[in-house]
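Let me begin by presenting the structure, written as structure tokens, before commenting on it.
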């Protein structure tokens, strides 16, 4: 018996029990008593085995100590109000949108083509997810400052890879100076934002980006012609903003004496987010080749806005599900409520994407021909990308790749088929993704 349930005489009658080392790390990760019990049972323990090996009366008896023990004691952490978390999520969403708007203004000023814009967006997306993945993974074991140091090491590697890749494209003539600046600037911004989000330092970069967008918009109104003189001076606000955000990120990471560098075992935190972003980026590229050129802006803008809204949407969904689960005495009712909320969320994403496409097409004056094609493609991509993000956020990381795979498959069919076949495939893909989310919500511990 490694740990006795009964206190030793010299400890007094109310001595705290030491959680067995096997479960020590679980103390900072469990959601509640039921989650702790599920983790213990998943290791093959029963009431009899925990009593025989550790001296506890039952699995729930041990789970109670796991909840109130460990390196990151949840009982010592004050629960963050949903309203506060939602505000933070909207600030992160605004930071993403401001970056996208600034990139679009720079593209217009420098005259960069669609290839440069797509390359910049996909590169920043994938490399940014690599940094975010390793940082969030390490956050399970370390303080956020130390986790950010791990992410900083990966960010340096990603930045080096971006420089090498862009340099190769420049030497082969596939990229011009405008494309190089756009890609490197967006990659630097994406890497910085990934670190700042984990460290919860969004206010300063958001302020910088709002000012930069206002100044860049002013220069665009003064000299709207792409590639017009004074050239790079016309995008000086964007250059200054990216530089300030990058320097602020570096100073924030190095401000603490925490040290650490990732090893091979940490790659498990990188694989899923990178694979997810690669699949969705590929699906986006394929979709853009299928929609009319005049609708490309509407497709990309809608995708960016929906992705930006996903973060606060997940926070709101988690808060609502947790609120109901803690007030319901029926596990079945908690499940049904979660299933209905998941279905409602998918419906809202579809309606939002459809409305945004129609509005943006109307505002930009694009041709209305093949609007239905663009509408269906944008809605399906937005729904599947959202389902992938929600599954990942609720702990089903591997399962979150399934909607991303579906998105790529549907977009490939979208580019080669037409008519009713596309509608049928799209509907089946969305229903399959929703069914997977509903299955994930069948266990109330996911959101309680």
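The fewest-to-most ranking of 117, 411 by surrounding Cβ atoms within 10 Å reads 117, 411. The slack between residue 164 and residue 264, meaning 0.36 nm per residue of separation minus the straight C-alpha distance, is 33.7 nm. Taking label points 7 Å from Cα along the Cα-to-Cβ direction, residue 344 and residue 84 give a separation of 2.6 nm. If R0 is 22 Å, the Cβ-Cβ spacing of residue 336 and residue 431 corresponds to a FRET efficiency of close to 0.75.
Can you tell me the length gained on complete extension of the stretch residue 320 to residue 421, counting 0.36 nm per residue apart and subtracting the Cα distance? Show your work: numbers first, answer last.
Numbers: separation 101, 0.36 × 101 = 36.36 nm, distance 3.68 nm.
Between residue 320 and residue 421, full extension yields an extra 32.7 nm.
The modelled label-to-label distance between residue 247 and residue 200, using points 7 Å beyond Cα along the C-beta direction, is 2.7 nm.
With 10 angstrom as the radius, rank 362, 399, 116 by how many other C-beta atoms surround their C-beta, starting from the fewest. The partial results should precede the final answer.
Values: 362 12, 399 19, 116 23.
Least crowded to most crowded, the residues run 362, 399, 116.
Footprinting exposure proxy ranking of 208, 359, 242, fewest other C-beta atoms within 10 angstrom first, gives 359, 208, 242.
No lab work stands behind these numbers, since they all come straight from the coordinates. The shown structure was predicted, so the numbers you read here are calculated from the model rather than taken from an experiment. Methodologically, a virtual Cβ is constructed for each residue, glycine included, from the backbone with ideal geometry; neighbour enumeration extends over all protein chains shown.
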